[in-house]
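Below is one structure, written out as structure tokens; comments come after it.
The values are calculated or read from the model by the stated rules, or taken from the named source; none is laboratory data. No experiment lies behind these values; they were computed from the predicted model shown. Don't worry about glycine lacking a Cβ; one is built from the backbone with ideal geometry, like all the others, and counts go over all protein chains shown. Ligands, DNA and RNA are stripped out before the accessible areas are found, and what is left, the full protein with its side chains, is counted by its heavy atoms. Shrake-Rupley method; radii C 1.70, N 1.55, O 1.52, S 1.80 Å.
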Amino acid sequence: MDKTVLVSGGAGFIGSHVTVELLAAGYNVVVADNFSNCDRTCFEGVKKITGREDLPLEVVDFCNADEAKAIFEKYPIDAVIHFAAFKAVGESVAKPLMYYKNNLQSFLNVLQAALDKGGCNVLFSSSATVYGEPDKVPVTEETPRKPATSPYGNTKTMCEDILRDTVKASEGKLKSILLRYFNPIGAHPSALIGELPRGVPNNLVPFITQTAIGKRECLSIFGNDYPTPDGTCLRDYIDIVDLAKAHVFAVTRMMEGKMKQDCEVFNVGTGRPVSVLELVNAFEKVNGVKLNWKFAPRRPGDVTAIWADPTLANREMGWKATRTVEETLKAAWAWEKHLAGK
Ligand code: WQD
């Protein structure tokens, strides 16, 4: 098919895995990134995995409206997948203005550029964080959103609203799908791309793998007094390749005109709650390593339990997560060892 997808933030953790799957599905891909939050490791890895040394890379700051516009002028973009955003919850609490400016301005510029070019399909990288602490689990797409517990989460809620309103006013020029991710973890089976947090990891799995490889002294498990079976928080950990494939299903749904509304929302999760302790134990077991960890006080802002009801995505897009937590943790460990040159 001769369809072109622009992947903004395409050199990042999720963007690079999505680029691999889009190329495998036969799409033309343009990767755009300003490398403010990642280096070129994953972009180089994508070229090795796909054999596409000619993969177009554009260094773009989407906060600059002219740069955003220039990309839409240069390429015949049929769909844009927007990942370009800052995503560290804790950092967003310390630096809210930086998050609102970056995450909102970049998205506004992408939408304006797409509209100025006559419109296109828009796939937005949203997050389960918009549900806050849900009253009932699992959460469906009808579960009411709650006030975000961080500026990062609030930018996701605000971008969802901006997109919905802009699509509605676009008289059919824009069609969009919002994908609400749960907890993306793992790495590509080739161990050539994966999560590359800058500095001390905020997220659980990179902290686990960095502790196991000896980069971190000890993993703190934040809280073991939650009202859950083992006292630690429950999450829906979704393999990054499963998540990446969901983007191909969504883009194809838009390209083939299979949407039922101009703006659709899908939860992208496994539907399987896993506790922090279960994840740590599974990591040790499947990789044959002993992890140095301890219980620590709860982390402010953490949600006790959240996991997806993925029925809608399964039914409407035909997409389903297939990888087990064990497979995912094996890939995460292989990636960490690759980074350490082991
Ligand atoms: C998971 C669980 C922690 C680190 C956030 C964003 C979400 C998404 C993923 C951005 C929690 C516990 C963690 C550690 C721990 N987007 N934990 N020790 O907070 O569920 O979701 O990241 O990438 O939008 O909200 O993910 O991996 O930080 O935490 O015990 O060193 O692991 O308390 O229960 P979270 P997480």
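Okay, here's what the table says:
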item: By average C-beta atoms within 10 angstrom, highest first, the peptides 110-117, 311-318; result: 110-117, 311-318
item: Relative contact order of the chain, pairs being alpha-carbon contacts under 8 Å that are 6 or more residues apart, as %; result: 19
item: Lys/Arg +1, Asp/Glu -1 at C-beta; the stretch 235-342 dipole; positive extreme among Leu339, Thr328, Asn267; result: Leu339
item: Note, ³J(HN,Hα) from phi for the stretch 44-60, Karplus 6.51, -1.76, 1.60, rounded to Hz, x at Gly and Pro; result: 5, x, 4, 5, 5, 5, 9, x, 9, 4, 8, 4, x, 10, 10, 7, 10
item: ³J(HN,Hα) computed for each position of the stretch 75-91 - Karplus, 6.51 cos²θ - 1.76 cosθ + 1.60, integer Hz, glycine/proline x; result: 10, x, 6, 8, 8, 10, 10, 9, 10, 4, 6, 7, 9, 8, 4, x, 4
item: Förster radius 51 Å - calculated FRET efficiency between Thr304 and Met1, Cβ distance, rounded to 0.05; result: 0.70
item: Charge dipole of the chain about the Cα centre (unit charges at C-beta), most positive-ward option of Pro56, Ala212, Ile162; result: Ala212
item: Distance in nm between pseudo-label sites at Asp116 and Glu53 (7 Å out along the Cβ direction from Cα); result: 3.6
item: Estimated Rh, the chain: Kirkwood, alpha-carbon pairs, angstrom; result: 20.3
item: Sites Lys320 and Ala70, calculated FRET efficiency, Cβ-Cβ separation with R0 56 Å, nearest 0.05; result: 0.90
item: Protection proxy ranking, peptides 181-187, 15-21, average beta carbon neighbours within 10 Å, highest first; result: 15-21, 181-187
item: Cβ-placed point charges (K, R +1; D, E -1), dipole of the stretch 224-342 about Cα centre in debye, nearest 20; result: 300
item: Listed residues Pro76, Tyr131, Val89: farthest to the positive end of the dipole of the stretch 1-136 (Cβ charges); result: Tyr131
item: List Phe283, Phe83, ordered by accessible area with a 1.4 Å probe, largest first; result: Phe83, Phe283
item: For the stretch 157-227 versus the stretch 275-331, the gap between their alpha-carbon centres in whole angstrom; result: 12
item: Where labels lie 7 Å past Cα in the beta-carbon direction, separation of Glu44 and Glu142 in nm; result: 5.0
item: Using alpha-carbon coordinates, inclination of helix 65-74 to the longest axis of the chain, degrees; result: 70
item: The stretch 106-262 - share of DSSP beta bridges that are antiparallel (%, nearest 5); result: 10
item: Tilt relative to the chain, helix 13-24 - C-alpha long axis, 0 to 90 degrees, to 10; result: 60
item: Solvent accessible area, Å² - Asp165, 1.4 Å probe, full protein context; result: 90
item: Whole-angstrom Cα spans of the stretch 275-342 along principal axes, big to small; result: 42, 33, 20
item: Size of charge dipole - the chain - debye, nearest 20, with Cβ of Lys, Arg +1 and Asp, Glu -1, no other charges; result: 480
item: Theoretical ellipticity at 222 nm over the chain - DSSP helices of four or more residues, -39500 (n - 2.57) apiece, nearest 500; result: -12500 deg cm²/dmol
item: Residue-span extension gain [Lys101 to Asp135] - 0.36 nm each, minus C-alpha spacing; result: 9.1 nm
item: Nearest 10 degrees, 0 to 90: helix 204-213 Cα axis against the chain principal axis; result: 60
item: Ranked packing of 29-35, 223-229, most packed first, by mean Cβ within 10 Å; result: 29-35, 223-229
item: Local electrostatic count at Ser125 - Lys and Arg +1, Asp and Glu -1, tallied over other residues with Cβ under 11 Å; result: +2
item: Cut-off 17 Å (backbone N to label point 7 Å along Cα→Cβ of Ala169), residues of the stretch 77-114; result: 104-114
